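Beneath this line is the structure, given in structure tokens, with notes to follow.
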Amino acid sequence: MFDITFVPDSMRALNDKKLAKLVGASEMDLRYEYFEMEVSITTDEFGSEAFPGTPALDFVFCLLLAARDIRQGNPGRISFTENDLLIHFTLDGETVTVTRSWDPVLGHCAVAEFLAVAFRFSSEVLEFISRRYPTFQENPAHRKLIGMVGELRAS
């Protein structure tokens, strides 16, 4: 079993200054300075691990890139902006091995499950943020992420 989830109530409201800049905010600003929330990753082997205060869009970008890498037969990873932690995803036949840089316990899931979770999680985060901040949909980074989600769905 493999899952990635987020806690919607953990996302703090944007201040007036960030809200005013949302439509024109750069991709990097959106990835690193907006929409922090608690994200959890779960496998049967290591259970559930929560990461409070995670920049959600950066996590989504990294996860979508990791899914693209796995689809292409390459390893993928999620790197955390706020620290030096890494989550690696390595393809081994029809299985993805999940390695965390801080813990030797490995997790495993089927490739199809990994890709489905990446699609669902990314879609849900983008939908949640768009409902809460509709002007986010006008930002080019939103369109880029929606395109990446669409690529994942098409695969």
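The values are calculated or read from the model by the stated rules, or taken from the named source; none is laboratory data. Please read these numbers as outputs of a predicted model, since none were measured by experiment. Cβ placement follows ideal geometry from the backbone for every residue including glycine, while neighbour counts extend to all protein chains displayed. Just the protein is used for accessible areas: all its heavy atoms, side chains included, with ligands, DNA and RNA removed. Shrake-Rupley method; radii C 1.70, N 1.55, O 1.52, S 1.80 Å.
Summary table below
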quantity	calculated
Residues being within 17 Å of LEU57 (Cα to Cα) and in contact with a strand residue (DSSP E or B) (Cβ under 6 Å, 6 or more places away or on another chain) - total across the range 77-93	6
First in the range 1-22 and closer than 23 Å to CYS62 by Cβ and in a helix (DSSP H, G or I), second anywhere and open to solvent by less than 80 Å² (accessible area, probe 1.4 Å) and among the acidic types (Asp, Glu), Cβ under 7 Å, 6 or more apart	SER10/GLU38
Candidate set from the range 138-155 (those that are more than 17 Å from the chain's Cα centre (by Cα), in contact (Cβ under 8 Å) with a residue 24 or more places away in the chain and surrounded by fewer than 17 Cβ atoms within 10 Å (Cβ to Cβ)); member that is farthest from ASP92 (Cα to Cα)	GLU138
3 or more residues open to solvent by 20 Å² or more (accessible area, probe 1.4 Å): qualifying strands (runs of 3 or more DSSP E) within the range 23-137	36-43, 47-55, 86-92, 95-100, 103-110
The range 1-18, subset closer than 16 Å to PHE128 by Cα and over 16 Å from the mean Cα position of the chain (by Cα), residue surrounded by the most Cβ atoms within 10 Å (Cβ to Cβ)	LEU14
